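Structure, as structure tokens:
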Amino acid sequence: MTLNLVVQGEDVSTPDLKALHALAHGKAIERVSANAFRITQADPTAKDAVAAHCAKAHLDFGFVREGARLADFGLLAMDMDSTLICIECIDEIADFAGRKAEVAAVTASAMRGEIDWPESLKRRVAALQGLEESALERVYAERLRFNPGAEKLIAAARRANVKTLLVSGGFTYFTDRVRDKLKFEYA
């Protein structure tokens, strides 16, 4: 089976594309959209090297069967914070408590695998003690924005009869609203 490497991000640079093309031993680089590219006939055994490069370059990637269409998939599942949306909700809530830097440091430490998720959540939520519920509404209204292409992707999945699932370890206050706004089937 022939696979293509699809790469997307806010700023996909030519040097990154060339490096990924070399890492994946691809045949050609094709533009898919303003922020997405396809490296044809990519070698999936290069996944670890591709993942490492994409992590440093802040790019998303996936190996996809050549000729695959969105309608060929049954489910589109995605994380919410810093994936579908441009913020980490808990960090922004903490900003209203004057503790954003402290909470963001715990978030970053958990994402690097230095502390486990349950412990990081306990530490971050403890920093929010005493904060008014109105801070949640302010974060939603003033700071929560969808990443480029997010709304188009969910709409395209719906048109292709692909079920959509929003995943988050965060607050249902936000997931419920995002689910309803973008018409996810599940959250």
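If you take the residues of the range 53-72 that are part of a helix (DSSP H, G or I) and hydrophobic (A, V, I, L, M, F, W, C), which of them is nearest to residue 160 (Cα to Cα)? It would help to see each step written out before you state the result.
Narrowing the range 53-72 to residues part of a helix (DSSP H, G or I): 53-57, 70-72.
Keeping just the survivors that are hydrophobic (A, V, I, L, M, F, W, C) gives 54-55, 57, 70-71.
Working: 54: 28, 55: 30, 57: 31, 70: 7, 71: 5 Å.
Residue satisfying both the conditions and the ranking: 71.
Residues are listed down the side, and each one gets a yes or a no for (1) surrounded by 14 or more Cβ atoms within 10 Å (Cβ to Cβ); (2) part of a loop (DSSP other than H, G, I, E, B):
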residue	(1), (2)
107	yes, no
110	yes, no
118	no, no
129	no, yes
138	yes, no
144	yes, yes
158	yes, no
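With respect to the numbered conditions (1) exposed (fewer than 14 other Cβ atoms within 10 Å of the Cβ); (2) within 30 Å of residue 140 (Cβ to Cβ); (3) touching a residue at least 24 places away in the same chain (Cβ under 8 Å), which one is the sole condition not fulfilled by residue 94?
Of the numbered conditions (1) exposed (fewer than 14 other Cβ atoms within 10 Å of the Cβ); (2) within 30 Å of residue 140 (Cβ to Cβ); (3) touching a residue at least 24 places away in the same chain (Cβ under 8 Å), the odd one out for residue 94 is (1).
Of all residues in the range 124-149, which are under 21 Å from the mean Cα position of the chain (by Cα) and not hydrophobic (A, V, I, L, M, F, W, C)?
Correct list: 124, 140, 142, 143, 145, 147, 148, 149.
Of the residues that sit in the range 16-35 and are without any contact (Cβ under 8 Å) to a residue 60 or more places away in the chain and part of a strand (DSSP E or B), which one is nearest to the chain's Cα centre (by Cα)?
Quick first cut of the range 16-35, residues without any contact (Cβ under 8 Å) to a residue 60 or more places away in the chain only: 16-32, 34.
From what's left, part of a strand (DSSP E or B): 29-32.
Details: 29: 23, 30: 22, 31: 21, 32: 19 Å.
Residue satisfying both the conditions and the ranking: 32.
Given the conditions (1) farther than 25 Å from residue 11 by Cα; (2) in contact with a strand residue (DSSP E or B) (Cβ under 8 Å, 6 or more places away or on another chain); (3) touching a residue at least 40 places away in the same chain (Cβ under 8 Å), which single one is not true for residue 138?
Of (1) farther than 25 Å from residue 11 by Cα; (2) in contact with a strand residue (DSSP E or B) (Cβ under 8 Å, 6 or more places away or on another chain); (3) touching a residue at least 40 places away in the same chain (Cβ under 8 Å), only one is false for residue 138: (2).
Is it fair to say residue 50 is crowded, with 17+ Cβ neighbours inside 10 Å, assigned to a loop (DSSP other than H, G, I, E, B) and touching a helix residue (DSSP H, G or I) at 6+ places or on another chain (Cβ under 9 Å)?
Numbers: crowded, with 17+ Cβ neighbours inside 10 Å: yes; assigned to a loop (DSSP other than H, G, I, E, B): no; touching a helix residue (DSSP H, G or I) at 6+ places or on another chain (Cβ under 9 Å): yes.
No: the conditions fail for residue 50.
From the list 169, 149, which one is at pLDDT below 95, in contact with a helix residue (DSSP H, G or I) (Cβ under 8 Å, 6 or more places away or on another chain) and over 22 Å from residue 98 (Cα atoms)?
Working: 149 fails: in contact with a helix residue (DSSP H, G or I) (Cβ under 8 Å, 6 or more places away or on another chain).
Within the list 169, 149, the selection yields 169.
The values are calculated or read from the model by the stated rules, or taken from the named source; none is laboratory data. What you see is a predicted model; the values in this text were computed from it and never measured. Note that each Cβ is placed from the backbone with ideal geometry, even for glycine, and that neighbours are counted across all protein chains shown.
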